[in-house]
Amino acid sequence: MGTEAERQDTRKAMAYDLCNIIDEDPAQQTYTKDEIKKLIKVYVTTADQK
């Protein structure tokens, strides 16, 4: 397990990545709770893939 600073950096990077994913489709201006949860789940499950 990393240090607290490393964990904070990881959380910030994840939030930044998710914001970029949401902004990728300029036509989609709103998201439902289910759509946001799906984005997060896909992000988390694919983040470890190389």
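When segment 1-21 is filtered for residues that are of a type outside the set (D, E, K, R) and in contact with a helix residue (DSSP H, G or I) (Cβ under 7 Å, 6 or more places away or on another chain), the ones remaining, listed by number, are 18, 21.
Going by the conditions given, is residue 31 out of contact with any Gly (no Cβ under 7 Å at 6 or more places or on another chain) and not in a loop (DSSP other than H, G, I, E, B)? No: the conditions fail for residue 31. How about segment 1-27: which of its residues are open to solvent by less than 60 Å² (accessible area, probe 1.4 Å) and part of a loop (DSSP other than H, G, I, E, B)? Across segment 1-27, the qualifying residue is only 2.
For segment 1-14, the set of residues classified as closer than 13 Å to residue 47 by Cα and hydrophobic (A, V, I, L, M, F, W, C) consists of 13, 14, listed by residue number.
Selection within segment 28-50: residues that are open to solvent by 70 Å² or more (accessible area, probe 1.4 Å) and at pLDDT below 90. The member of this set that is nearest to the chain's Cα centre (by Cα) is 48.
The values are calculated or read from the model by the stated rules, or taken from the named source; none is laboratory data. From a predicted model like this one, the values you see are computed outputs, not experimental measurements. Don't worry about glycine lacking a Cβ; one is built from the backbone with ideal geometry, like all the others, and counts go over all protein chains shown. What goes into the accessible areas is simple: the full protein's heavy atoms, side chains included, and nothing from ligands, DNA or RNA. Shrake-Rupley method; radii C 1.70, N 1.55, O 1.52, S 1.80 Å.
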